[in-house]
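The values are calculated or read from the model by the stated rules, or taken from the named source; none is laboratory data. All values reported here derive from a predicted model rather than from experimental measurement. Cβ: placed from backbone, ideal geometry, glycine included. Neighbour counts: every protein chain shown. Side chains are part of the model used for accessible areas, which takes the heavy atoms of the whole protein and leaves out ligands, DNA and RNA. Shrake-Rupley method; radii C 1.70, N 1.55, O 1.52, S 1.80 Å.
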2 protein chains.
Amino acid sequence: MFEQLGLIGCGLMGGSFALAMKKAGLVKRVVGYSKSPSTTDRARQLGVIDVEAPSALLAVAGADIVLLAVPVAATEATLKAIKHLVTPQMLIMDVGSTKADVVQAARRSLRDQLGSFVPAHPITGREVSGVEHADAELYSGRQVILTPIERTLTAQLQKAEEVWTALGCRVTSMSPESHDAAFAAVSHLPHLLAFAMMNSITGQSNGDDFLSLAGPGFRDFTRIAAGDPKMWRDILLSNREELLAQSRLFQQALHTFEQAMEKGDAQRLEDMLTLASETRAHWRMGAKRK
Amino acid sequence: MFEQLGLIGCGLMGGSFALAMKKAGLVKRVVGYSKSPSTTDRARQLGVIDVEAPSALLAVAGADIVLLAVPVAATEATLKAIKHLVTPQMLIMDVGSTKADVVQAARRSLRDQLGSFVPAHPITGREVSGVEHADAELYSGRQVILTPIERTLTAQLQKAEEVWTALGCRVTSMSPESHDAAFAAVSHLPHLLAFAMMNSITGQSNGDDFLSLAGPGFRDFTRIAAGDPKMWRDILLSNREELLAQSRLFQQALHTFEQAMEKGDAQRLEDMLTLASETRAHWRMGAKRK
């Protein structure tokens, strides 16, 4: 389907995309670039990329598909760096967890070449990062959200849908703003809560003792708190308005529970717990929207 | 080791204990009672118990070990109901997630027989409940916290340690108050946050759409929100003082994140995220206390 993938950012997300594309026979050659030369070197040693590029621009040279897998705050500088080699035939995608800021960055940097860029967010991740954890199956069975804008070329959007579908993903399109509102609620907020809870415990004098007693519920609840700090710094900042709004709604819900506890209102508490429990018990990951 | 287990409450926790005791060859016969006759009947059909008892008192008759696996708020009434058949040779344990209230209930109800009771909290659970999910391996490899008091008989405490150790658990003893403070932080608070977050999302007009987009991070973070509403109603109420204190500390930590986001203080945010991420990445479930 493609001759050459230009991969910018050879970490978990980028490396896994390269492996998946090769495994599916969708690309012949992967040319990779990472900010850190040791990462690029390691990616080649591991067979994640075929050729090391000395710059982002040179990773794009000759590519017919380009994936940006860099922290979202680096999107604009990266797009500026590659702009002169972007062609209308090229499909460029990112994998960032926020989309309104990525689209803004693309508008500012790509200008006449904006139509080649299809903003993408595959709903997957690991609590570990780095090319060592790259996995050809990371995207398999997951949802991918595309957030095209008015200037996105139809041909590129269709190619993007075909690529992710061929990797075993279910593809959904929505506006960048709808995407960011939804993911503030179901991804960025849970991360924020898990990060804050970890720091709340370690800030207590008995924190280490408490942690030594924690069991499987804590393990699963806090798994996402091990996420990459730089990546999450960028996400929390770039989607802060939606996230702060979700955090306020969450705190209102928390206060409702606290009030019922303070009043000893067992019936109200049970009603609220039943709503939460039934909603979660019936939820299925990736179920089709009504 | 024991002749007869009297099981009061044949749900997930009680049923799993019965299966584990039999599998380990630690008990010959299990006599079970549940408030709902259909549960007791089902437990016998599934081979979880050998004999159905028509009352809690009759489940205790002839037993040398008794396990209470009922919601914590039912502890006092249950102990009162069985008190007349409790002997100094009998080992009585519970599996409740809160311990100060259980000890108070035991003091009020057991009186002269208090020494036979060893309060226990195995750190395990599932997001499902009911005897159908009983599993002989539920306790294997988990921690069990015992919270003996000044009147607990040494012989019973030692027997309790031996039983859980034989089931593959690591046993730790502490005061009921220390237990409740620790589990407010690492178990009850995460549950409260997960419940509140579910209700915060479902309370929004786009809540269903948001949920349809949620991925593996959300799945793991909210797994505990599917917990049994009646069980969690009792836990949230019985440990409410410690839990409300933990909730306040958590909200302070959350506000620190929100302030850094509002100010756009990227360095401070990254520092806080690094602390949380490194703490979680180095945490190991069940690691020995320093």
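Please tell me if B:SER140 is in contact (Cβ under 8 Å) with a residue 12 or more places away in the chain, over 23 Å from B:ALA184 (Cβ atoms) and touching a Cys at 6+ places or on another chain (Cβ under 8 Å).
yes
Tally the residues that are among the small types (Gly, Ala, Ser) and surrounded by fewer than 18 Cβ atoms within 10 Å (Cβ to Cβ), restricting the search to the stretch B:133-143.
Final tally of qualifying residues: 2.
Does the stretch A:152-162 contain any residue that is under 16 Å from the mean Cα position of the chain (by Cα) and either of a type in the set (Phe, Trp, Tyr) or not assigned by TED's automatic domain parsing to the domain that holds A:VAL186 (or both)? Even if it seems obvious, please write down each step before you answer.
Our first condition is that a residue be under 16 Å from the mean Cα position of the chain (by Cα); within the stretch A:152-162, this holds for none.
So far as the stretch A:152-162 goes, no, none of its residues is under 16 Å from the mean Cα position of the chain (by Cα) and either of a type in the set (Phe, Trp, Tyr) or not assigned by TED's automatic domain parsing to the domain that holds A:VAL186 (or both).
Restricted to the stretch B:110-132, and to residues that are within 14 Å of chain A (Cβ to nearest Cβ) and at pLDDT below 95, which residue is surrounded by the fewest Cβ atoms within 10 Å (Cβ to Cβ)?
So the residue we want is B:VAL128.
Is it the case that some residue within the stretch A:91-103 is over 19 Å from A:PRO148 (Cα atoms), open to solvent by less than 60 Å² (accessible area, probe 1.4 Å) and modelled with pLDDT of 95 or more?
no
Among A:ALA74, A:ALA61, A:ALA81, A:ALA18, which is under 18 Å from the mean Cα position of the chain (by Cα) and open to solvent by 20 Å² or more (accessible area, probe 1.4 Å)?
Result of the check over A:ALA74, A:ALA61, A:ALA81, A:ALA18: A:ALA74.
Give the residue, chosen from B:GLU262, B:GLU270, B:GLU258, B:GLU242, that is outside the structural domain of B:VAL103 (by TED's automatic domain parsing) and in contact (Cβ under 8 Å) with a residue 40 or more places away in the chain.
Exactly one of B:GLU262, B:GLU270, B:GLU258, B:GLU242 is outside the structural domain of B:VAL103 (by TED's automatic domain parsing) and in contact (Cβ under 8 Å) with a residue 40 or more places away in the chain, namely B:GLU242.
Give me the residue from the stretch A:219-250 that is more than 7 Å from chain B (Cβ to nearest Cβ) and surrounded by fewer than 19 Cβ atoms within 10 Å (Cβ to Cβ) and, out of that set, nearest to B:TRP232 (Cα to Cα).
Top of the filtered list is A:ARG248.
Would you be able to say whether some residue in the stretch B:1-12 is at pLDDT below 95 and more than 30 Å from B:ARG240 (Cα to Cα)?
yes
Quick check on this structure: which one of A:ARG42, A:ARG29 is part of a helix (DSSP H, G or I), surrounded by fewer than 22 Cβ atoms within 10 Å (Cβ to Cβ) and either in the same structural domain as A:ALA166 (by TED's automatic domain parsing) or over 17 Å from the mean Cα position of the chain (by Cα) (or both)?
Only one candidate passes the filter, namely A:ARG42.
Can you name the number of the only condition in (1) under 24 Å from A:VAL128 (Cα atoms); (2) open to solvent by less than 30 Å² (accessible area, probe 1.4 Å) that B:LEU275 fails?
The number of the failed condition is (2).
Every residue in the stretch B:263-290 that is within 7 Å of chain A (Cβ to nearest Cβ) and outside any loop (DSSP other than H, G, I, E, B), please.
B:ALA266, B:LEU269, B:GLU270, B:MET272, B:LEU273, B:THR274, B:LEU275, B:ALA276, B:SER277, B:THR279, B:ARG280, B:ALA281
For residues in the stretch B:207-218 being under 26 Å from A:ARG268 (Cα atoms) and at the interface with chain A (Cβ under 7 Å from one of its Cβ atoms), which is most open to solvent (accessible area, probe 1.4 Å)?
The residue in question is B:ASP208.
Take the conditions surrounded by 24 or more Cβ atoms within 10 Å (Cβ to Cβ) and over 25 Å from A:ALA185 (Cβ atoms) and apply them to A:SER34. Does it pass?
Here the answer is yes, as A:SER34 does meet what is asked.
Against the conditions (1) open to solvent by less than 60 Å² (accessible area, probe 1.4 Å); (2) within 13 Å of the chain's Cα centre (by Cα); (3) under 18 Å from B:PRO216 (Cα atoms), where does A:LEU146 fall short? Just the number, please.
Just one mismatch for A:LEU146, condition (3).
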